Amino acid sequence: MNPSSSIPFQLFPIRRFILEIADGPFGSALTSSHYSDSGARVVRLGNIGAGHFKDSDSAYIPHEYFRELQRHEIKTGDLLIAGLGDERNPVGRACIAPTNLGPAIVKADCFRARLDQSRMTHRFAAWALSSSFITDQVATLSRGSTRTRINLDIARHIQIPVPDIEEQRRIADFLDAATSRLDRLARRRVYQAALLSAYHRSWLSEEWESLVKEFGKARLRHLVTSLEQGWSPQCEERVVEDDGWGVVKAGCVNTGVFDPNQHKALPANMEPRREYKLEVGDLLVSRASGSPDLIGSTAVVDQLTGKLLLCDKIYRLKVDKTKALPWFVAFMLRSQAAREHIKRGISGAEGMANNLPTSIVKDCQIPNAPLRKQDHVVRKATEHRDSIEKTRSALQEASRLISERRQALITAAVTGQIDVSTASGQAE
């Protein structure tokens, strides 16, 4: 059955309503070298949410250069469409340019459209383009495997449901209110998940302080036999197959538990540097990251499903097991005292922004507890972490259901599957 046959609204290509449409500057006309600390705003893909503008990712160009790119200009109320997408952010999603945007242009893979709003309002079009009905349609028209892309010509031919203008306004009003409630719930779940992380760190910090008070502390340099960073050759964006080799990504330690799936495959014609082969019991510490909060993330290699090599964005520490347990050191490096030491080291390392020097790692202070006590702490900390993760998983599932509910509500409203005049409780 054709999905469009159950829609009470007629479908028309959006080009019938377009008065003007433009994409962003192509290629070298706009690169990161043109950016400045202030000036005219550059709206990028990350700013285009499903029905709402995301204002967290800001980029600017000088006003002088903005005047050269004015054919790409955005004005308040313009319809913004994403020409590139992935699993989490579908291609074709759209939003409205906010009133406080100021002088602005669209970047490549972003489209700015102005419609005949006597027949198709920007607000309704943004919601319709963000619906699963349109996402599924665009998926058949777009190209690309991991990231799907459409051009202006494809965008013009998207078939959009067209209720009468008053119904468009009612649907947009309903979705503005209903999704706002769901978005508040989603933000609350994110906040609760952040509190869980803070709670675990607080618990570890109390353990750190108690152990230091009882046993004193030792610098990490006295507890390890070696510290090295790895190797990052040009790899293939896929998992290792059969008897192949892989190189771990920096993200393999971000959660505090080693994730062997976070790796790239070493090309078959490239000889592996076997001195960097990971072994069970290796303590890994993130050396470099785009986010300072992730630098110093720790994990112990506790399982290996293939032959994996250390990358150059991670330090490997060989712990002297007559003095300390790798898992104990990993937990203690997540305490507030260790994190503050690491953060000071990042900001204080001149010319090494978002990079962790070896001297800072070696100077981290660890409670000098006996091995038997360390083992007891590791067991308690693991139980505490697992309990936290169980709660976090429940919050993530709740967030997923909220996201699904939001998307289903948008799709049902713009395709006429619900009567919005009587559906005020649909998002509750």
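The values are calculated or read from the model by the stated rules, or taken from the named source; none is laboratory data. Just so we're clear, the structure is a prediction, and the values are computed from it rather than from any experiment. Note: ideal-geometry Cβ built from the backbone for every residue, glycine included; neighbour counts use all protein chains shown.
Within the stretch 269-290, track down each residue that is surrounded by 19 or more Cβ atoms within 10 Å (Cβ to Cβ) and free of Cβ contacts under 8 Å to residues at least 40 places away in the same chain.
Of everything in the stretch 269-290, those that are surrounded by 19 or more Cβ atoms within 10 Å (Cβ to Cβ) and free of Cβ contacts under 8 Å to residues at least 40 places away in the same chain turn out to be LEU278, LEU284.
Being in contact with a Gly (Cβ under 7 Å, 6 or more places away or on another chain) and surrounded by 14 or more Cβ atoms within 10 Å (Cβ to Cβ) is the filter here; which residues of the stretch 1-22 pass it?
Selection gives ILE7, PHE9.
Keeping to the stretch 121-131, report how many residues are surrounded by fewer than 24 Cβ atoms within 10 Å (Cβ to Cβ) and under 15 Å from HIS157 (Cα atoms).
So the count comes out to 0.
Return a yes/no flag: does the stretch 306-317 have any residue that is assigned to a loop (DSSP other than H, G, I, E, B) and within 20 Å of LEU204 (Cβ to Cβ).
Checked against the condition, which is being assigned to a loop (DSSP other than H, G, I, E, B) and within 20 Å of LEU204 (Cβ to Cβ), the stretch 306-317 yields no hits at all.
Among the numbered criteria (1) of a type in the set (Val, Ile, Thr); (2) surrounded by 16 or more Cβ atoms within 10 Å (Cβ to Cβ); (3) in contact (Cβ under 8 Å) with a residue 24 or more places away in the chain; (4) assigned by TED's automatic domain parsing to the domain that holds VAL253, which single criterion is violated by ILE360?
Among (1) of a type in the set (Val, Ile, Thr); (2) surrounded by 16 or more Cβ atoms within 10 Å (Cβ to Cβ); (3) in contact (Cβ under 8 Å) with a residue 24 or more places away in the chain; (4) assigned by TED's automatic domain parsing to the domain that holds VAL253, ILE360 violates only (3).
Return yes when ALA113 is assigned to a helix (DSSP H, G or I) and either surrounded by 22 or more Cβ atoms within 10 Å (Cβ to Cβ) or at pLDDT 95 or above (or both) and no when it is not.
So ALA113 fails the test.
Please go through the stretch 204-228 and give me each residue that is among the acidic types (Asp, Glu) and in a strand (DSSP E or B), ordered by number.
Correct list: GLU228 only.
Determine whether LEU266 is surrounded by 14 or more Cβ atoms within 10 Å (Cβ to Cβ) and either over 23 Å from HIS341 (Cβ atoms) or not assigned by TED's automatic domain parsing to the domain that holds GLN336 (or both).
yes
Quick one: in the stretch 159-188, which of the residues that are over 17 Å from GLY51 (Cα atoms) and touching a Gly at 6+ places or on another chain (Cβ under 9 Å) is surrounded by the fewest Cβ atoms within 10 Å (Cβ to Cβ)?
This residue is GLU167.
Checking the conditions here, which among THR382, THR415 is hydroxyl-bearing (Ser, Thr, Tyr), more than 26 Å from the chain's Cα centre (by Cα) and under 28 Å from THR255 (Cα atoms)?
Unique residue meeting the criteria: THR382.
Kindly list, by first and then second residue, each pair from a residue in the stretch 291-311 that is at positive phi to a residue that is part of a loop (DSSP other than H, G, I, E, B) and aliphatic (A, V, I, L, M), limited to pairs with Cβ atoms under 8 Å and residues at least 6 apart or on different chains.
GLY296/LEU333; GLY296/LEU356
So if I check each of ALA198, ALA186, which one is free of Cβ contacts under 8 Å to residues at least 40 places away in the same chain and not aromatic (Phe, Trp, Tyr)?
Unique residue meeting the criteria: ALA198.
Got a sec? Which strands (runs of 3 or more DSSP E) wholly within the stretch 7-82 have at least 3 residues that are within 21 Å of MET120 (Cβ to Cβ) and either in contact (Cβ under 8 Å) with a residue 24 or more places away in the chain or among the basic types (Lys, Arg) (or both)?
10-13, 18-23, 79-82
Out of the stretch 230-282, which residues are acidic (Asp, Glu), part of a loop (DSSP other than H, G, I, E, B) and out of contact with any helix residue (DSSP H, G or I) (no Cβ under 8 Å at 6 or more places or on another chain)?
GLU237, GLU241, ASP242, ASP243, GLU271, GLU279
How about the stretch 363-418: which of its residues are without any contact (Cβ under 8 Å) to a residue 40 or more places away in the chain and β-branched (Val, Ile, Thr)?
Residue satisfying the conditions is ILE418 alone.
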